[in-house]
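First the structure, in the form of structure tokens, and then the observations on it.
The values are calculated or read from the model by the stated rules, or taken from the named source; none is laboratory data. Keep in mind the model is a prediction, meaning the values are calculated, not measured. Backbone-built Cβ (ideal geometry, glycine too); neighbour counts: all protein chains shown. Protein only, heavy atoms only, side chains kept; ligands, DNA and RNA dropped before computing areas. Shrake-Rupley method; radii C 1.70, N 1.55, O 1.52, S 1.80 Å.
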Amino acid sequence: MQENTTTEPEFDNVQVTAIPYVDENGKTKYRTTFNPETVTVTTHDAILNYQLVAPTPDGVKFSKVSIKPEHSDQFSEPSISVSGKMVTFSDANTVKESLALTFHFTDSDGVEFLVDPEVDNNPPITKEI
């Protein structure tokens with residue numbers, strides 16, 4: 001029989017900034033940072049929230065999220081907010097593994113870019129009683 005412990009779910013809020021710059025070819029690119037850079041999940045049924053914050057320009061939005069490995073059953077379907085400024089999903093965190101997210105972004109000028117942060121799943125040890 002497994003020990004029944006009820007705890008508050010872990011909530012990881014990651015602040016994302018995407019700052020535009022013009023490369024040597026005159027094309028708009030983005031420098032994107034995540035704070036924290038990598039999320040380490042340590043409880044079951046954690047909630048992950050990625051939020052675009054200042055000084056990110058208003059026109060930058062999340063447009064899609066993909067997950068690797070694709071066969072992983074750790075994450076729920078990501079939900080992108082109506083404003084496009086947040087992505088939220090839950091993480092079962094039942095298997096120790098690293099998962100790569102790919103965030104697809106767009107800006108108000110139609111520029112699209114991708115960024116690949118990681119989530120490290122480190123599930124708690126379940127005690128048998």
*Does anything in segment 18-39 have its amide N under 13 Å from the 7 Å Cα→Cβ label point of residue 51, and if so which residues?*
35-36
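Please give the contour-minus-distance gain from residue 92 to residue 8: 0.36 nm per residue of separation, less the Cα-Cα distance, rounded to one decimal in nm.
Working: separation 84, 0.36 × 84 = 30.24 nm, distance 1.38 nm.
Gain on extension, residue 92 to residue 8, equals 28.9 nm.
Would you work out what percent of the accessible area of the chain, with all protein chains in place, is carbon or sulfur (probe 1.4 Å)? Please list the in-between numbers first.
Numbers: 3950 of 8040 Å².
Answer for the chain is 49 percent, counting heavy atoms of protein chains only.
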_Distance between the C-alpha centers of segment 40-73 and segment 82-116? Whole Å please._
4 Å
_Rough spin-label spacing in nm, given labels placed 7 Å along Cα→Cβ, for residue 100 and residue 19_ = 2.6 nm
_Restricting to Cα pairs below 8 Å that are 6+ residues apart, what does the relative contact order work out to for segment 11-121? Please round to a whole percent._
29 percent
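Looking at the chain, which longest stretch skips every one of the GluC sites (Glu not before Pro) that is in a DSSP loop with at most 10 other Cβ atoms within 10 Å, leaving the sites themselves out? Can you show the working numbers first?
Details: sites that count: 3, 24, 37, 70.
The answer is 71-129.
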